[in-house]
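Any read-out appearing in this document is the output of simple, stated calculations on the displayed coordinates, not a laboratory observation. Owing to the predicted nature of the structure, the values given are computational and were not obtained by experimental measurement. FYI the Cβ positions are ideal-geometry reconstructions off the backbone, even for glycines, and counts take in every protein chain you see.
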Amino acid sequence: MSKYIPGTYDLRVKRGSSGRGLFAYSPIKKGTCVVEYFGRTLTEPEEYTSRSLYLFEVTKKKTIDGNVKGNIAKYINHSCKPNCEAETYKGRVWIMAKRNIKVGEELAYDYGKDFFDEHIKKKGCRCLKCQ
């Protein structure tokens with residue numbers, strides 16, 4: 001059985017630390033697959049012209065725009081001390097639990113240095129660790 005099969009967790013979008021966020025309404029065990037981050041694959045020119053904040057570089061030749069209907073993973077916010085991490089496997093993006101996550105906790109992963117420097121640093125990080 002693959003570790004990249006999302007659990008049947010009760011996940012809900014509500015107001016989070018920095019806009020809307022994704023919250024656990026059932027406990028999530030460390031190391032489990034929480035949800036898939038998916039979207040439309042961009043063409044090469046779109047990679048350079050898109051203004052979407054939901055871009056995810058899957059490989060050097062594949063970037064997806066996660067701003068599509070049904071992708072609740074797009075609501076997972078950045079954190080400097082995350083409880084999740086993004087893993088790519090076979091050209092897809094999976095959000096995995098880094099530790100046990102309690103009911104009511106907001107899901108978060110580190111967006112990476114490039115995104116942080118370009119979009120978060122200027123305004124100041126609003127993650128729970130930095131507040």
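Based solely on its DSSP helices, what 222 nm [θ] is calculated for the chain when runs of n ≥ 4 H residues each add -39,500 (n - 2.57) and the sum is averaged over all residues, nearest 500 deg cm²/dmol?
After summing the helix terms and dividing by the residues of the chain, the value is -1000 deg cm²/dmol.
Using a 4.7 Å Cβ cut-off, which Cys residues in the chain lack a partner cysteine?
Cys33, Cys80, Cys84, Cys127
In vacuo Debye scattering of the stretch 11-117, one point per C-alpha: log10 I(q)/I(0) at q = 0.10 Å⁻¹?
-0.27
Gln131 versus Lys90, label points 7 Å from Cα toward the beta carbon: distance in nm?
3.8 nm
Please give the contour-minus-distance gain from Thr32 to Leu53: 0.36 nm per residue of separation, less the Cα-Cα distance, rounded to one decimal in nm.
Computed gain between Thr32 and Leu53 is 5.0 nm.
Calculate, in nm to one decimal, what Thr8 and Glu46 gain on full extension: separation in residues at 0.36 nm each, minus their alpha carbon distance.
Net length gain for the segment: 10.3 nm.
Quick one: Cα centre-to-centre distance for the stretch 57-87 and the stretch 8-46, in angstrom?
7 Å
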